[in-house]
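Enquirer: The structure's right below; bear with me while I get my questions together.
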Amino acid sequence: MRQTAKLPVPFSPTRRTLLRRASLAIAGLGLWPLVVRGAESPATRLGALGITLPETPPPLANYVPYLVQENFVYIAGQIPMRDGELLHPGAVPTAVSVEQAREAARQCGVNILAALNAACAGDLNRVRQCMRLDGFVASGDGFTGQATVMNAASDLMVEVFGDTGRHTRTAVGVNQLPGNACVEIAAVFVID
């Protein structure tokens, strides 16, 4: 006897309504980030990655490190400062290897998270979405691997926030950056 595959039963209108109401209730209680990411908080993930957020790096000129407007946090461009030192100055790949530039991009990401943490009053659970990263890579003539460098910062956002860390992105090669940095990255987040 020939068997036929059973098709899944579609959601009934009643079942759809119940799921919609449950989703609205979860969102209304502010629990949606926990449901989406599971029980692991961004702070737990940072700890598992061995990352301790530094103080927000001070601005190097007449600007602020972040601005909060309604539910958006705009993070100023961060260069790869660690413990007061600029990591890997120079252009990629002439003075800085691609791996060094990736390390620098990840440090820019850590500095972005430090500014975001300050904007969220120390509660990264408030982050609903990483919307955008804009990355600039000091590039030697003919270098086209800016996306590879930027992947280190993008990967960090996903490691810390899960799907909430997925974002749109720009990866641009430039002739030179402030302070001879090899990478500078700015970001936009949505928070509760």
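Enquirer: Rank these residues by their accessible area, most exposed first, probe 1.4 Å: D163, D141, D192.
Expert: D141, D163, D192
Enquirer: Which of rounded, prolate, oblate describes region 99-183, given a ≥ b ≥ c as roots of the alpha-carbon gyration tensor eigenvalues and a/c under 1.5 marking rounded, otherwise prolate only if a/b is larger than b/c?
Expert: Cα axes put region 99-183 in the prolate bin.
Enquirer: Relative contact order for region 53-192: what percent, with Cα pairs under 8 Å and sequence separation of 6 or more?
Expert: Over region 53-192, the number comes to 36 percent.
Enquirer: Quick one: 3J(HN,Hα) in Hz for region 180-192, Karplus 6.51/-1.76/1.60 with θ = phi - 60°, rounded, Gly and Pro as x.
Expert: 6, 5, 8, 9, 9, 9, 10, 8, 9, 10, 10, 10, 7
Enquirer: Oh, and also: Determine the share of region 105-192's accessible area contributed by carbon and sulfur atoms, expressed in whole percent, with a 1.4 angstrom probe.
Expert: About 46 percent, which is the carbon plus sulfur part of the accessible surface.
Enquirer: With +1 on each Lys and Arg Cβ and -1 on each Asp and Glu Cβ, and nothing else charged, work out how big the dipole of region 37-192 is about its Cα centre, in Debye to the nearest 20.
Expert: 240
The values are calculated or read from the model by the stated rules, or taken from the named source; none is laboratory data. Owing to the predicted nature of the structure, the values given are computational and were not obtained by experimental measurement. Reconstructed Cβ throughout: ideal geometry from the backbone, glycine too, with neighbour counts over all protein chains shown. Keep in mind that these areas ignore ligands, DNA and RNA; they rest on the heavy atoms of the full protein, side chains included. Shrake-Rupley method; radii C 1.70, N 1.55, O 1.52, S 1.80 Å.
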